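The values are calculated or read from the model by the stated rules, or taken from the named source; none is laboratory data. Predicted model, so just to flag it, every value in this text is computed and none were measured. Note: ideal-geometry Cβ built from the backbone for every residue, glycine included; neighbour counts use all protein chains shown.
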Amino acid sequence: MESESTKYQKAHGIVMSFAFVILMPLGVLLVRTFTFSGTVLLHACCQLFSFFLVLVGLALGIKLGEMKHKVSSFPSNDILRLF
């Protein structure tokens with residue numbers, strides 16, 4: 001039986017991979033190769049959905065870090081340390 005952190009780790013990997021490897025390049029290819037009237041709208045929807053998935057993957061990664069005691073909490077000063 002898998003531990004809870006392993007499930008979060010798999011979910012984080014799948015969501016982020018799907019967003020960055022499939023959806024974002026698909027959005028770029030849509031706008032560059034097709035020329036029908038709704039191309040820009042389809043491109044925008046694809047990119048916004050992939051951005052939403054990236055945020056979900058980020059939340060899963062933060063939760064995973066808390067579960068593995070790599071991140072004790074996530075206050076604003078930790079966000080500044082990322083940059």
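Scanning region 14-31 for residues that are of a type outside the set (A, V, I, L, M), under 20 Å from ALA59 (Cα atoms) and either surrounded by 14 or more Cβ atoms within 10 Å (Cβ to Cβ) or touching a residue at least 24 places away in the same chain (Cβ under 8 Å) (or both) returns PHE18, PHE20.
Candidates are the residues of region 32-61 that are among the hydrophobic types (A, V, I, L, M, F, W, C) and outside any helix (DSSP H, G or I); the one that is surrounded by the most Cβ atoms within 10 Å (Cβ to Cβ) is PHE34.
Looking only at region 70-80, decide whether some residue is part of a helix (DSSP H, G or I), at pLDDT 90 or above and either hydrophobic (A, V, I, L, M, F, W, C) or under 27 Å from THR6 (Cβ atoms) (or both). Checked region 70-80: no residue is part of a helix (DSSP H, G or I), at pLDDT 90 or above and either hydrophobic (A, V, I, L, M, F, W, C) or under 27 Å from THR6 (Cβ atoms) (or both). Remark: pairs (first residue in region 40-56, free of Cβ contacts under 8 Å to residues at least 12 places away in the same chain; second residue assigned to a helix (DSSP H, G or I); Cβ separation under 7 Å; 6+ apart in sequence or on different chains) = VAL40/VAL31.
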